[in-house]
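Peer 1: Quick one: structure below, then a few questions.
The values are calculated or read from the model by the stated rules, or taken from the named source; none is laboratory data. This one's a predicted model, so the numbers in the text were calculated from it and none came from an experiment. Glycine gets a Cβ as well: all are built from the backbone with ideal geometry, and neighbour counts include every protein chain shown. Accessible surface areas use protein heavy atoms only, side chains included; no ligands, DNA or RNA. Shrake-Rupley method; radii C 1.70, N 1.55, O 1.52, S 1.80 Å.
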Amino acid sequence: DIWMVYHADPAKNRVATVVPAHKYDVFCETAALTPMFVLPVFRGPNSFETFALQCQTPLVLFTSLEEFKHHGSAATPHFVMTHYTELVQSHKIVLVRGDIIQPHALDMIQAMSLMLNAHEYFTDFGAKREFVHIFNNRPNEFDFKKLLDSMGHDSSRLPRE
């Protein structure tokens with residue numbers, strides 16, 4: 001509770017969460033094998049921006065896909081998620097802070113969405129983690145519309161590729 005309250009100040013452009021240590025272990029295992037992924041940030045009905053993420057645990061760097069396309073590995077992060085493992089032994093939790101580097105690109109709700117979705121997709125033992133695996137290992141098979149559908153977004157109105 002102290003961690004969450006401390007990071008709740010919207011003027012500081014940061015978000016926070018707490019994850020169980022066992023979930024963080026799965027996150028790290030997945031990130032080591034499949035460090036890249038893309039996640040949408042919803043801007044309104046049928047409107048979203050895609051963010052690329054790269055895991056460099058304990059950090060996860062997020063940038064817009066457009067920024068990544070233009071600058072590659074030199075792209076400026078818009079959002080950085082940091083995992084703090086100091087309480088793993090004593091409390092079996094990992095504290096997570098997300099710093100919004102580019103506040104014009106993300107608000108706190110959108111940053112929290114990226115944080116929670118990154119953890120969800122990297123730790124799920126079903127279809128969600130399979131998206132991450134396919135994206136990294138068989139990119140020609142990756143279906144972004146199916147990813148959107150898995151998040152409850154109706155992709156039927158999107159243009160065909």
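Peer 1: Looking at region 98-114, which of the residues that are of a type outside the set (A, V, I, L, M, F, W, C) and open to solvent by 60 Å² or more (accessible area, probe 1.4 Å) is farthest from Tyr24 (Cα to Cα)?
Peer 2: It comes out as His104.
Peer 1: Only one residue in Phe135, Phe122, Phe131 is among the aromatic types (Phe, Trp, Tyr), open to solvent by 50 Å² or more (accessible area, probe 1.4 Å) and assigned to a helix (DSSP H, G or I). Which one?
Peer 2: The match here is Phe135.
Peer 1: Output the residue which, of all residues in region 44-56 that are of a type in the set (S, T, N, Q) and surrounded by 15 or more Cβ atoms within 10 Å (Cβ to Cβ), is farthest from His133 (Cα to Cα).
Peer 2: Thr50
Peer 1: Please go through region 22-43 and give me each residue that is open to solvent by 10 Å² or more (accessible area, probe 1.4 Å) and within 18 Å of Leu87 (Cα to Cα), ordered by number.
Peer 2: His22, Lys23, Tyr24, Asp25, Val26, Cys28
Peer 1: Please go through region 66-97 and give me each residue that is among the hydrophobic types (A, V, I, L, M, F, W, C) and open to solvent by less than 60 Å² (accessible area, probe 1.4 Å), ordered by number.
Peer 2: Ala75, Phe79, Val80, Met81, Leu87, Val88, Ile93, Val94, Leu95, Val96
Peer 1: In addition: For region 25-103, which fully contained strands (runs of 3 or more DSSP E) count at least 1 residues that are in contact (Cβ under 8 Å) with a residue 40 or more places away in the chain and farther than 27 Å from Asp154 by Cα?
Peer 2: Passing ranges, in order: 47-56, 59-64, 79-84, 93-100.
Peer 1: Okay, next question. Pick out the one residue from His119, His7, His22 that is touching a residue at least 12 places away in the same chain (Cβ under 8 Å) and in contact with a helix residue (DSSP H, G or I) (Cβ under 8 Å, 6 or more places away or on another chain).
Peer 2: His119
Peer 1: Please work out which residue is farthest from Lys145 (Cα to Cα), limiting yourself to region 21-67 and to residues that are modelled with pLDDT under 95 and over 15 Å from the mean Cα position of the chain (by Cα).
Peer 2: Glu67
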